[in-house]
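Written below as structure tokens is the structure these notes are about.
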Amino acid sequence: MRISFCCTDTKAEPWLQGLRAALPDASVELWSAGAPPADHAVVWAPPQAFFDEQPQLKGVFNIGAGVDALLKLRLPPLATVVRLDDAGMSVQMAEYVCHAVIRHFREFGGYEADVKAGKWSYRKPRARAAFPVGVMGLGVLGERVAKALAQFEFPVLGWSRSSKAIAGVRSFAGAAQLADFLAATKVLVCLLPLTPDTRDILRFDTLSQLQPGGYVINVARGSHLVDEDLIALIDSGHLAGATLDVFRTEPLPLDHPFWQHPKITVTPHTSARTLRDESIAQIADKIMALARGQPIAGIVEPVRGY
Ligand code: NAP
Ligand code: GLV
């Protein structure tokens, strides 16, 4: 079996070594133009030429959860496209989102500023019931995040395409229930895949429907959010602020207003990182399962976009 590795912005050698160790009977090589055709590919944002040269590929393994960049390419006609299925990401995402929600709810930013100014000051405790958290997307990551938030006794709501039965999470489904979901939400967490249906979903008319004093946490993709609409709603006082991990252009350009906005916290697309060892183990297991004709989880449906 031959495996071709083509991941931009990724140090190849440790991945190649790890994949060779996990699949000792396979030949695992870094792709270069004109390389012999492979059976499977391990990729992150490969060039179109990678697929144009290899229409025979049977499996394409994305080393991330989101496949929006991959699905923009013309893919090999018979290939099964597989995303990372957690592989250590959901616990990181739960940490990040709970931290952002709690930091906002408990006003830790305000305490940090007070302490820097040498001020010993108390803030009035806020009512948890007045901070319903709505999670958009209840997939591998969203479900873990929603359950983690419920542990802290926030009222938790979730919105997805199909309705869910998750303990402690009030489920809303489909476009028909979006308005009810938004109206019942104060802190909005975006964990949707980026698809034609979800691009720009965090825009003026949707964010305006959040409860007054609302807060936005975007950890999915930058193109879910219309940047200027968020700033307008924060500056008007309807929203209290935002924590943003993903941006339309990454790295976030230095002249972008998000950097300096006092009510916006920025992190550099780091909420849930790809963990190499976990990912290699998962991909190797799936390649072996496919070779045995067994079913695997994490298969992408290109038509629905995730
Ligand atoms: P997933 O398992 O595919 O889950 C996607 C969820 O979104 C599902 O619940 C799905 O509904 C829902 N959904 C999709 N389209 C929808 C629509 N039009 N309306 C309502 N709900 C819709 O994805 P995941 O693994 O949780 O990851 C989510 C996203 O997180 C990824 O696509 C990626 O962009 C982002 N991500 C970011 C980072 C980071 O470091 N910032 C790391 C990893 C992933 P159904 O359940 O009904 O299908
Ligand atoms: C990261 O953003 C991913 O999609 O895994």
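Being assigned to a loop (DSSP other than H, G, I, E, B), away from ligand 2 (no atom under 16 Å from the Cβ) and of a type outside the set (Val, Ile, Thr), is that true of even one residue in the range 84-92?
No, the range 84-92 has no match at all.
Name, by its number, the condition in (1) outside the structural domain of residue 283 (by TED's automatic domain parsing); (2) without any contact (Cβ under 8 Å) to a residue 60 or more places away in the chain that does not hold for residue 56.
(1)
Hey, can you tell me all the residues within the range 179-202 that are more than 8 Å from ligand 1 (Cβ to nearest atom) and either touching a Lys or Arg at 6+ places or on another chain (Cβ under 9 Å) or not in a loop (DSSP other than H, G, I, E, B) (or both)?
Hits for the range 179-202 are 179, 180, 181, 182, 183, 184, 187, 188, 189, 190, 199, 202.
Looking at the range 117-141 only, could you name the residues that are within 27 Å of residue 190 (Cβ to Cβ) and more than 23 Å from the chain's Cα centre (by Cα)?
Result: 126, 127, 128, 129, 130.
Checking residue 132 against (1) in contact with a helix residue (DSSP H, G or I) (Cβ under 7 Å, 6 or more places away or on another chain); (2) in contact (Cβ under 8 Å) with a residue 60 or more places away in the chain; (3) over 22 Å from residue 269 (Cβ atoms), which test does it fail?
Of the numbered conditions (1) in contact with a helix residue (DSSP H, G or I) (Cβ under 7 Å, 6 or more places away or on another chain); (2) in contact (Cβ under 8 Å) with a residue 60 or more places away in the chain; (3) over 22 Å from residue 269 (Cβ atoms), the odd one out for residue 132 is (1).
Show me the helices (runs of 4 or more DSSP H) entirely contained within the range 203-306 in which 2 or more residues are surrounded by fewer than 19 Cβ atoms within 10 Å (Cβ to Cβ) and either in the same structural domain as residue 39 (by TED's automatic domain parsing) or hydroxyl-bearing (Ser, Thr, Tyr) (or both).
276-291
Kindly indicate whether residue 34 is within 30 Å of residue 149 (Cβ to Cβ) and surrounded by fewer than 21 Cβ atoms within 10 Å (Cβ to Cβ). Give the derivation first.
Numbers: within 30 Å of residue 149 (Cβ to Cβ): no; surrounded by fewer than 21 Cβ atoms within 10 Å (Cβ to Cβ): yes.
So residue 34 fails the test.
Given 234, 287, 296, 280, which one is in contact (Cβ under 8 Å) with a residue 24 or more places away in the chain, within 20 Å of residue 189 (Cβ to Cβ) and β-branched (Val, Ile, Thr)?
None of the others qualify; the one that does is 234.
Quick check on residue 32: is it free of Cβ contacts under 8 Å to residues at least 12 places away in the same chain, of a type in the set (Gly, Ala, Ser) and assigned by TED's automatic domain parsing to the domain that holds residue 73?
For residue 32, the condition - free of Cβ contacts under 8 Å to residues at least 12 places away in the same chain, of a type in the set (Gly, Ala, Ser) and assigned by TED's automatic domain parsing to the domain that holds residue 73 - is met.
Condition test on residue 282, is it under 21 Å from residue 1 (Cα atoms), within 16 Å of ligand 2 (Cβ to nearest atom) and either within 23 Å of the chain's Cα centre (by Cα) or modelled with pLDDT of 95 or more (or both)?
On the way: under 21 Å from residue 1 (Cα atoms): yes; within 16 Å of ligand 2 (Cβ to nearest atom): yes; either within 23 Å of the chain's Cα centre (by Cα) or modelled with pLDDT of 95 or more (or both): yes.
Here the answer is yes, as residue 282 does meet what is asked.
Suppose we keep only residues that are closer than 17 Å to residue 62 by Cβ and among the hydrophobic types (A, V, I, L, M, F, W, C) within the range 1-15. Which one would you say is surrounded by the fewest Cβ atoms within 10 Å (Cβ to Cβ)?
12
Given the residues 63, 102, which is the only one that is within 16 Å of ligand 2 (Cβ to nearest atom) and either aliphatic (A, V, I, L, M) or outside the structural domain of residue 164 (by TED's automatic domain parsing) (or both)?
63
Can we say residue 182 is buried (at least 23 other Cβ atoms within 10 Å of the Cβ), in contact (Cβ under 8 Å) with a residue 40 or more places away in the chain and within 22 Å of residue 156 (Cα to Cα)? Step through it out loud before you land on a result.
Values: buried (at least 23 other Cβ atoms within 10 Å of the Cβ): no; in contact (Cβ under 8 Å) with a residue 40 or more places away in the chain: yes; within 22 Å of residue 156 (Cα to Cα): yes.
Criteria not met by residue 182.
The values are calculated or read from the model by the stated rules, or taken from the named source; none is laboratory data. The model shown is predicted, which means the values in this text are computed figures rather than measured ones. With ideal geometry, Cβ positions are generated from the backbone for all residues, glycine too; neighbour counts draw on all protein chains shown.
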